[in-house]
Structure formats: structure tokens, C-alpha cells
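First comes the structure, then the notes that go with it.
The values are calculated or read from the model by the stated rules, or taken from the named source; none is laboratory data. A quick note: this is a predicted structure, and the numbers were derived from the prediction, not measured. Because the Cβ atoms are built from the backbone with ideal geometry, glycine has one as well, and the counts that use them run over all protein chains shown.
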Amino acid sequence: MRVLPLLAIGSLLSTTAVPLSAEAAACASGWAGTVQYTRDQANSDAKTEQRVTGKGTETTNWSMTSNYSAQVSVRPAPEPELSLARANISLSSVSSETKSAQDKYVCPHERTPRAMSGSFVSKSETRGTGAGLEADVHVGVDSDGTYSVSVKLPEIEGTVSGSDSSSYSGQCTAKQGANQSIAGLPTTIQGYSFSSSGADRASSPDADRLTGSHTVSAYGVTETLKWNLRRCGGDLRLVDVKFEDMRFPTWEAWQEISEQKGTVDGNIVRITATVANDGAEDKFATIKFRDTYKGDKWDGAKPDGLLEEASVEVPAGEQREVSFKWDSSGYAWYDDGRPRLTQRIKTELEDAGKKVDDKTQNLKVAPKPLVLVHGLWSNWTAWESWQNILTTSHSYDWKAFPVGQKPEHGRMHTGEELANTEPTNTIVQNAIELGLYVKYAQQDRNAWHVDIVAHSMGGLISRRYIHATMPTYPDGKPQVAHLVMLGTPNMGSRCADIISAPLETAGRSMDALRELRPSVVAEFNAVHTERKGVEFSVLAGNPLPAVCYMYDENDGVVTVPSATWAITDTELTSALHTEMADAEGFSSFVKPRVAIGPAKQTPIKLSALEATTFGFDAAERTDVFTPDFSKIVKLAPGQTLKVDVPVKAASDFGMTFIAGSMVSATVSDDKGAIVGANLKDTPAAGQLFRSIYAARSVAQATWTLTLQNDDQAEREVILSTWSKPS
């Protein structure tokens, strides 16, 4: 059949005339390209009626779905200004009706009514296909450049099949149900006609290329017409360029990427170009996929970069596909750290070295999900502000996944809140929960790779997960691209020694605390050496002098040497341990390590952590520590309690304790002079481990600790003292 020539039909629309270019007016070729028509229908009905007896009901449920699709290939005809159109058509339609009846009836020789029921199911299915069928396509354009595209499709042959089934229960005389199938019978499926609105406009510079779509929905039926047509463009043309990524967690399960949703940084994207040869002779075509900046307000002058080049032979009158797999790693960002909201991919088609067609498409690339792992005495709310931080830093497509926010997908137990000494999970158990949450983040975002930001003990949990169970994929990249640790005790913390010791003596060992003891972490480090290609970074805090029998610079919980153990990428901060997971920590340390553009996405060759390397003075840092004095006390609401504290002769004195933030502590020497205090409503009261330290020589004596509980609930205080021998 013929595609009608480009017609001037000024009577269709009354608009201001915009003359087409002289080149367009002189074009005598017919149109070439593709037209796609789909008709999707879904209807349903349900009703319930009283039966004639008045003692029962009959319910009818009916549903019907129908999917009709036609792919129309348009080629120029030998005659000027005419074209040929052929369609590949498919239809699948299913209709189902279910009737369920319930009634009550007194059977002969019975006094009590019986509950009787019957169910009847009827299904019919229509299917049909047609290939290479002649179709009519009409293109009409007004003098102002507005145009319409319409299609008229032929009938196709198909089959109708069906089935009927029935079942009964409770009848006076048992009744057997039946099943009957109806074999496929030939039928004729009507063709459809559909037109665009006529409101689309051909731009003057590209009047010989028409691309667009039109959709109408009414009464459960949605009809869509898409077209990509051109004329006077030579024998070769680009029919389509399609983006696909893989549906997690099935490798090679390719799915088309919608423009609205896009893909995720690190995913492999398959780009497929379809090339048509409208000429009478076979052609060799060259396809070039380019990274283009044209149209970008920041880098619009930057030259295009070649991503891939391939050649393909296209027989006369046929189409061929050319595909390549593109690694999207880094394309959520520019190399200077700016958010890159869309990636522009330009596909060029060359014939004998001359460009004859091109198409530029936007591909939205979202940053990798950021899985957030809390530490000791914490929960997912430690990261509550981070989604807003990520949205502001990139877009709403950068998603935060604090472990435990949706506990049905995984929840760690590390003490939940400050000073809680109830039983917890082990690092191994928490790493399992982390793995479940990573998988949830991947499924939610269809992301094959994630980044992890871990605070404190969360870094050890993350290291365990990476070492023991983290998968790798056929693309050769680790599931976790980067582990960013904030104040992680990679060689343990003496604070855990000081508080865990009295708990263990009392038979109340708390796994999350015990596993932070340097001697236990040394055993952990001897085993957990695998990095599996994951890059490690750590931020270490150095604002404080001696705490918890630790005389190196520290953040109140972790010393700098402990945090930076065996990690190459490190930085120092003046932030306290509990302040590292704030907006400043994100901006200055986290973002520069996860917002990495494509130029910096070089393959990383990382060695395993060396199990025997603990840094200088390793033995002293990992031996079992015993406090000078320890005690566990409970304070009633409003209670003040004085505790005698034996002090031995030493070069200093330190006391570390855990308690609710409404508990105040003051230490006085044997003469009544105040040595130090750690009071409620101060920043010190919000720290995981609270300390009082006297950096001076101390004689043997008995000092006094005064504890005051201003909370409305009973509070427990666990304390230990320590000193450095003189």
C-alpha cells in the first residue's frame, strides 16, 4: 500500500503560517522510518445478586485484558513522494468470567437447611499474528508546520480457544463438576485505524524529520501512536536507539530503561541501535556511540567523546541491530564533583565515512545507593537527616538506606541507645543483617553496586560483611564500590576495655561492647583481611588528649592509630566521635569519596589487609586491660549517691563511665577539692563514654565520686578508673 505524499492541508488547523525550508519543499522522496501502534484494554466488572429463593447470593466477576501491537516499517517507493508500509502485528486477548452461588435448602428427610454452593468459570483467549502485511500510513502537514500521522492496519488471522469448568458442594444429591476445553478455532481479527492529534509541529531546520507520539485513553482502552520518520536522507537511517539495563538480581535479565526512571551509577547499560537500509543494494554501515556535552550549560563547548564504534552489513530493504555494553560508573557526577543529572548519548550513522543520520538521547543516571551503618549504642535514626543531605547534594534520585529504617529488610542490634547494656548481636550476626539491607537497597533501586558509609563499630560490621559474604559480579566490580568509615576502631578501643571489664565480672557480657576490646579486635583483624576490590577510607578524630587509658590523640572513643590502622586513605578531623556523621562530615570527607566522575573510575588494585600489621607498639595496644577500680551502681530518680574511689599513686588519674545524659558526676580528692566533673546538659553528657581526667601526679588515697540522677527513671552507672604508673 502507499503512504500518501506530504500534503498541504491548510483547512485542518487555523494557525500562523511558518514556511518550511526551501530544501524541505524541494524534497521529492517518500517517507522512511517506523510507526508503532499499540492498543491496550483492561476492563472488569463484579456484581452480587440475591437468588430466587431469597436465601442465597450469586456473585459474578468478569475481567478482560487485550494487548494489540503493530510495528510498521515505512520505506520510500520507487515513485517520487510515495512510500511503502508493511506491518508486523500481534494480539493477545483474555476474557474470564467466574460465577459463585451460595444457597440454603432443606433436603428431603432432613430438618436442617444445608449450605450449598456452586462455582462456574469460563475463559476465552484470542491470539493472532501477522508479518509483512501491507498497511496504510498517511502524513499530512499544514503550511505552518503542524502535521498529523495516521495509520490504517489490515485484518489478521488468529485463533480462539477457551475452557469451562464447574464445581459443586453440599447438594442433596452429590453433583460432579466438569471441565471442558475448546480447541483453537480460526478467527479474523479486525484492523485498527488511529491518528495523531494534528498539533505536532515540524521544526523548520529539520522539516524532513518527524518524531513524536500521541496517546488517548478512554473507557479502559489506551491507544498510542509513535513515529520516527524522515525523507531525503539517503539509503541508511537510524530506526531506533534503545537503552537497557539488567533487572537485579538476575544477570543478563535485560529490561528497557524508561526515560523517567533512568539507571543507576555502576550499572551496565546495553545500547542498541537499529539501522535500516532503504536502498536497493546491500550497505556497510558504521555506528559511533558518543558521550556528548552539546546542550549542557556548563560543558557545552566540550568536544564529544567516542564510547564505541562498530560496523555492520545491512542487506537491501532490511534492518540490523548494533549493540554495545556501556559501564555507567561515575556518570552520575562530573569529574569536579558536580551532580550530573543526565548523560547525553549521541548515536551517529555513517555511510562510506560520511555521517548520514544521528540521534541524541538523554539517559538519567542516579548515584549509587548509600547504605548507612550505625555503630555502638545507636540505631538507624543516627542517619535521619542524610536523605535530605543527599537530595540537596545531587537530586531526589540519590537515596539513603540507613540499616534498620525498614526492619523487615534487616535490623542490627548494637545496644539501640546510649548506655544500654542489654544483650546485643555479635559482629557476625549484624553483618548478616547488613547484607540483607544491602540487597534490599539494590532491589529497591535496581542497582548492582552500592557505597557504604559506616560510623564507629559499623565499620567493623561492614568489614566482616565484605570479607565473608559480599558477592562479586561478572562485570568484575565488587558489590560495594567504597567503604567510608567514620571513627571506626580498627584496632579496638580501650573505652570498651574499661566498661566491658566490670560487666564481664558481673556475668553481664555485652557482645557489641566486648567485641570492641583491642584484644578481641586483634583476633578479628587476624581473620578479616579480604577487601575484594573495595576501596577503604577512614576519618579519624583528634580533638582530645588522654581518655580511657588512651594517650594518643582521639575522638573520645577511638585513637587516631586505631582508626587509621592499615588504611591508606585517611584524614583527620577535630570532630568528636558522635559528631562525625553530621553534614560537615558528609561534605568534607564522605562526598569527595563517593561523588566520583568517570575520569577517576580507574580499576582499583587493592591488596588484602595484612593480618600481622598492627602499627607501632602493637602489643601494648592489644593486651588485656584491667581497670584500677570498677563499680556498677543504680540511681533512683532524683537520687544523689556518693561512692568511695580508691586511688593509687600514679602519674595521672582517669575515670570513664557510661550513664544516661541526665546523670551528673563529680570527683573530689581526699581533701574535698573538686578534681573534675562531667555534668548533665553539657556536650560531654552526650558522648558514648564519659570521662573525668586529672593530668597530674596522684598520691594513694580515697577520693569521692558524687553521682546525681536528674532523670525521671532509674539509671545505671558503670564506671572504672585507670592511671599510668609514675
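Tell me whether the range 460-481 contains one or more residues that are within 28 Å of residue 655 (Cβ to Cβ), touching a residue at least 60 places away in the same chain (Cβ under 8 Å) and in contact with a Ser or Thr (Cβ under 6 Å, 6 or more places away or on another chain). Outline the logic, then answer.
The first filter runs over the range 460-481 and keeps only residues within 28 Å of residue 655 (Cβ to Cβ), leaving 460.
Cutting the leftovers down to touching a residue at least 60 places away in the same chain (Cβ under 8 Å) gives us 460.
Add one more test, that the residue is in contact with a Ser or Thr (Cβ under 6 Å, 6 or more places away or on another chain), and what stays is none.
Taking every residue of the range 460-481 in turn, none turns out to be within 28 Å of residue 655 (Cβ to Cβ), touching a residue at least 60 places away in the same chain (Cβ under 8 Å) and in contact with a Ser or Thr (Cβ under 6 Å, 6 or more places away or on another chain).
How about the range 365-402: which of its residues are under 19 Å from residue 483 (Cβ atoms) and in a strand (DSSP E or B)?
Correct list: 370, 371, 372, 373, 400, 401, 402.
Yes or no, residue by residue, for (1) of a type in the set (S, T, N, Q); (2) not assigned by TED's automatic domain parsing to the domain that holds residue 151; (3) not in a loop (DSSP other than H, G, I, E, B):
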| residue | (1), (2), (3) |
| --- | --- |
| 194 | no, no, yes |
| 214 | no, no, yes |
| 226 | no, no, yes |
| 241 | no, yes, yes |
| 245 | no, yes, yes |
| 251 | no, yes, no |
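Is it fair to say residue 84 is closer than 30 Å to residue 149 by Cβ, in a strand (DSSP E or B) and at pLDDT below 95?
Numbers: closer than 30 Å to residue 149 by Cβ: yes; in a strand (DSSP E or B): yes; at pLDDT below 95: yes.
The answer is yes for residue 84.
Just give me the residues in the range 184-211 being modelled with pLDDT of 90 or more, closer than 12 Å to residue 147 by Cβ and not acidic (Asp, Glu), in sequence order.
Start the filter on the range 184-211 by keeping residues that are modelled with pLDDT of 90 or more, which leaves 185-200.
With the extra rule that they be closer than 12 Å to residue 147 by Cβ, the set shrinks to 195-200.
Within the range 184-211, 195, 196, 197, 198, 199 qualify.
Where the second residue is assigned to a loop (DSSP other than H, G, I, E, B) and the first is basic (Lys, Arg) and lies in the range 490-518, which pairs have Cβ atoms under 8 Å and are six or more apart or on separate chains?
494/548; 494/549; 494/625; 508/421; 517/492; 517/493; 517/624; 517/625
Given the criteria farther than 26 Å from residue 683 by Cβ, crowded, with 24+ Cβ neighbours inside 10 Å and either of a type outside the set (Asp, Glu) or free of Cβ contacts under 8 Å to residues at least 12 places away in the same chain (or both), does residue 521 qualify?
Numbers: farther than 26 Å from residue 683 by Cβ: yes; crowded, with 24+ Cβ neighbours inside 10 Å: yes; either of a type outside the set (Asp, Glu) or free of Cβ contacts under 8 Å to residues at least 12 places away in the same chain (or both): yes.
Judged against the criteria, residue 521 is a match.
How many residues are touching a helix residue (DSSP H, G or I) at 6+ places or on another chain (Cβ under 9 Å) and more than 23 Å from residue 595 (Cβ to Cβ) if we restrict to the range 472-494? Steps first, answer last, please.
Pass one, the range 472-494, residues touching a helix residue (DSSP H, G or I) at 6+ places or on another chain (Cβ under 9 Å): 478-494.
Applying the additional criterion that residues be more than 23 Å from residue 595 (Cβ to Cβ) yields 489-494.
Summing the residues that are touching a helix residue (DSSP H, G or I) at 6+ places or on another chain (Cβ under 9 Å) and more than 23 Å from residue 595 (Cβ to Cβ) in the range 472-494 gives 6.
I'd like the full set of residues that are closer than 30 Å to residue 420 by Cβ and of a type in the set (Phe, Trp, Tyr), limited to the range 333-389. Even if it seems obvious, please write down each step before you answer.
The first filter runs over the range 333-389 and keeps only residues closer than 30 Å to residue 420 by Cβ, leaving 369-389.
Correct list: 377, 380, 383, 386.
Determine which member of the set 500, 537 is out of contact with any Pro (no Cβ under 8 Å at 6 or more places or on another chain), buried (at least 19 other Cβ atoms within 10 Å of the Cβ) and at pLDDT below 95.
Working: 537 fails: at pLDDT below 95.
Sole residue among the options that is out of contact with any Pro (no Cβ under 8 Å at 6 or more places or on another chain), buried (at least 19 other Cβ atoms within 10 Å of the Cβ) and at pLDDT below 95: 500.
Among 556, 533, which is the only one that is closer than 18 Å to residue 374 by Cβ, outside any strand (DSSP E or B) and in the same structural domain as residue 484 (by TED's automatic domain parsing)? Please lay out each step first, then the result.
Numbers: 533 fails: closer than 18 Å to residue 374 by Cβ.
556 is the lone residue from the list that is closer than 18 Å to residue 374 by Cβ, outside any strand (DSSP E or B) and in the same structural domain as residue 484 (by TED's automatic domain parsing).
Is one or more of the residues making up the range 425-439 in the same structural domain as residue 411 (by TED's automatic domain parsing), buried (at least 22 other Cβ atoms within 10 Å of the Cβ) and more than 21 Å from the chain's Cα centre (by Cα)?
Step one: filter the range 425-439 for residues in the same structural domain as residue 411 (by TED's automatic domain parsing), giving 425-439.
Checking the rest, the ones that are also buried (at least 22 other Cβ atoms within 10 Å of the Cβ) come to 427, 430-431, 434, 437-438.
From what's left, more than 21 Å from the chain's Cα centre (by Cα): 427, 430.
Yes: one or more hits.
Yes/no per residue for (1) buried (at least 20 other Cβ atoms within 10 Å of the Cβ); (2) acidic (Asp, Glu); (3) without any contact (Cβ under 8 Å) to a residue 24 or more places away in the chain:
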residue	(1), (2), (3)
218	no, no, yes
226	no, no, no
234	no, no, no
264	yes, no, no
270	no, no, no
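Quick check, is residue 346 in contact with a Ser or Thr (Cβ under 8 Å, 6 or more places away or on another chain) and either surrounded by 17 or more Cβ atoms within 10 Å (Cβ to Cβ) or farther than 24 Å from residue 86 by Cα (or both)? Full working, then the answer.
On the way: in contact with a Ser or Thr (Cβ under 8 Å, 6 or more places away or on another chain): yes; either surrounded by 17 or more Cβ atoms within 10 Å (Cβ to Cβ) or farther than 24 Å from residue 86 by Cα (or both): yes.
Against the criterion (in contact with a Ser or Thr (Cβ under 8 Å, 6 or more places away or on another chain) and either surrounded by 17 or more Cβ atoms within 10 Å (Cβ to Cβ) or farther than 24 Å from residue 86 by Cα (or both)), residue 346 qualifies.
Here is a list: 44, 29. Which entry is assigned by TED's automatic domain parsing to the domain that holds residue 194 and either in a strand (DSSP E or B) or closer than 23 Å to residue 156 by Cβ (or both)? Even if it seems obvious, please write down each step before you answer.
On the way: 29 fails: either in a strand (DSSP E or B) or closer than 23 Å to residue 156 by Cβ (or both).
Answer to the selection: 44.
When you scan the range 193-202, do you find a residue that is farther than 30 Å from residue 163 by Cα, of a type in the set (S, T, N, Q), in contact (Cβ under 8 Å) with a residue 12 or more places away in the chain and out of contact with any strand residue (DSSP E or B) (no Cβ under 9 Å at 6 or more places or on another chain), even just one? Reasoning before the result, please.
First pass over the range 193-202, keeping only residues farther than 30 Å from residue 163 by Cα: 193-202.
Next, from what is left, pick out any that are of a type in the set (S, T, N, Q): 193, 195-197.
Then keep just the ones that are in contact (Cβ under 8 Å) with a residue 12 or more places away in the chain; that gives 193, 195-197.
Next cut, out of contact with any strand residue (DSSP E or B) (no Cβ under 9 Å at 6 or more places or on another chain) only: none.
Looking for residues that are farther than 30 Å from residue 163 by Cα, of a type in the set (S, T, N, Q), in contact (Cβ under 8 Å) with a residue 12 or more places away in the chain and out of contact with any strand residue (DSSP E or B) (no Cβ under 9 Å at 6 or more places or on another chain), one finds none in the range 193-202, hence no.
Quick check on my filter: what residues within the range 203-212 are surrounded by 15 or more Cβ atoms within 10 Å (Cβ to Cβ) and either in a strand (DSSP E or B) or free of Cβ contacts under 8 Å to residues at least 40 places away in the same chain (or both)?
If we filter the range 203-212 for residues that are surrounded by 15 or more Cβ atoms within 10 Å (Cβ to Cβ), which is where we start, we get 207-210, 212.
Residues satisfying the conditions are 209, 210, 212.
What's the number of the only condition in (1) surrounded by fewer than 16 Cβ atoms within 10 Å (Cβ to Cβ); (2) of a type in the set (Asp, Glu); (3) closer than 23 Å to residue 185 by Cα that residue 134 fails to meet?
Unmet for residue 134, out of (1) surrounded by fewer than 16 Cβ atoms within 10 Å (Cβ to Cβ); (2) of a type in the set (Asp, Glu); (3) closer than 23 Å to residue 185 by Cα: (3).
One residue is enough: does the range 138-155 have a residue meeting the conditions among the β-branched types (Val, Ile, Thr) and over 15 Å from residue 35 (Cβ atoms)? Give the steps one after another, and end with the answer.
In the first step, residues of the range 138-155 are kept if they are among the β-branched types (Val, Ile, Thr); the result is 139, 141, 146, 149, 151.
So of that shortlist, the ones also over 15 Å from residue 35 (Cβ atoms) come out as 141, 146.
For the range 138-155, residues among the β-branched types (Val, Ile, Thr) and over 15 Å from residue 35 (Cβ atoms): present.
Of these, 93, 44, which one is surrounded by 14 or more Cβ atoms within 10 Å (Cβ to Cβ), at pLDDT 80 or above, touching a strand residue (DSSP E or B) at 6+ places or on another chain (Cβ under 8 Å) and more than 30 Å from residue 143 (Cβ to Cβ)?
Numbers: 44 fails: surrounded by 14 or more Cβ atoms within 10 Å (Cβ to Cβ).
Only one candidate qualifies: 93.
Going through the range 677-698 one residue at a time, which ones are touching a residue at least 60 places away in the same chain (Cβ under 8 Å) and assigned to a loop (DSSP other than H, G, I, E, B)?
Initially, the range 677-698 is screened for residues touching a residue at least 60 places away in the same chain (Cβ under 8 Å), giving 683, 686-689, 691, 693, 695.
Matches in the range 677-698: 687, 688, 689, 695.
Can you tell which of 313, 416, 318 is within 29 Å of residue 462 (Cβ to Cβ) and acidic (Asp, Glu)? Talk me through it step by step, then tell me what you get.
Working: 313 fails: within 29 Å of residue 462 (Cβ to Cβ); 318 fails: within 29 Å of residue 462 (Cβ to Cβ).
Exactly one residue qualifies, and that residue is 416.
Among the residues of the range 383-401, which ones are of a type outside the set (D, E, K, R), more than 14 Å from residue 590 (Cβ to Cβ) and either buried (at least 20 other Cβ atoms within 10 Å of the Cβ) or touching a helix residue (DSSP H, G or I) at 6+ places or on another chain (Cβ under 8 Å) (or both)?
The one that is of a type outside the set (D, E, K, R), more than 14 Å from residue 590 (Cβ to Cβ) and either buried (at least 20 other Cβ atoms within 10 Å of the Cβ) or touching a helix residue (DSSP H, G or I) at 6+ places or on another chain (Cβ under 8 Å) (or both): 401.
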